[in-house]
Amino acid sequence: MKLKVGWLSNLIWLIIFSILSFVIFIRKVDGAGTIQTPANKLAAFIVLVVFFIFIVLIQLVLLLFVKPRK
């Protein structure tokens, strides 16, 4: 059961990442009213990727150090 929950949570993270990436690349103006240039979009995408790499690292640490009970 835990394996299914793990895959489901990873699927949810993937969906969130995809939606946020799509929003970053289609928006013309951000929340502060700044016009989005390709450089600004790339910077926002890099911040998003770094955040999700942090989440992946946490998941890997949990996978390695939390052993399933037999």
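The values are calculated or read from the model by the stated rules, or taken from the named source; none is laboratory data. Fair warning: this is a prediction, and the values are worked out from it, not measured in the lab. These accessible areas exclude ligands, DNA and RNA; they are computed on the full protein's heavy atoms, side chains included. Shrake-Rupley method; radii C 1.70, N 1.55, O 1.52, S 1.80 Å.
The table below gives the values:
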| item | result |
| --- | --- |
| Surface per residue (accessible, 1.4 Å probe) for the chain, Å² | 89 |
| Rounded to 10°, Cα long-axis angle of helix 38-65 versus longest principal axis of the chain | 10 |
| Surface share of carbon and sulfur [accessible, 1.4 angstrom probe, percent] for the chain | 79 |
| Cα pair distances in the chain, grouped into 10 Å bins until the bin that holds the longest one, percent each | 17, 38, 24, 14, 5, 1 |
| Nearest 10 degrees, 0 to 90: helix 2-26 Cα axis against the chain principal axis | 10 |
| Stretchable slack from ASN10 to LEU48, in nm (0.36 nm times residue separation minus alpha-carbon distance) | 12.1 nm |
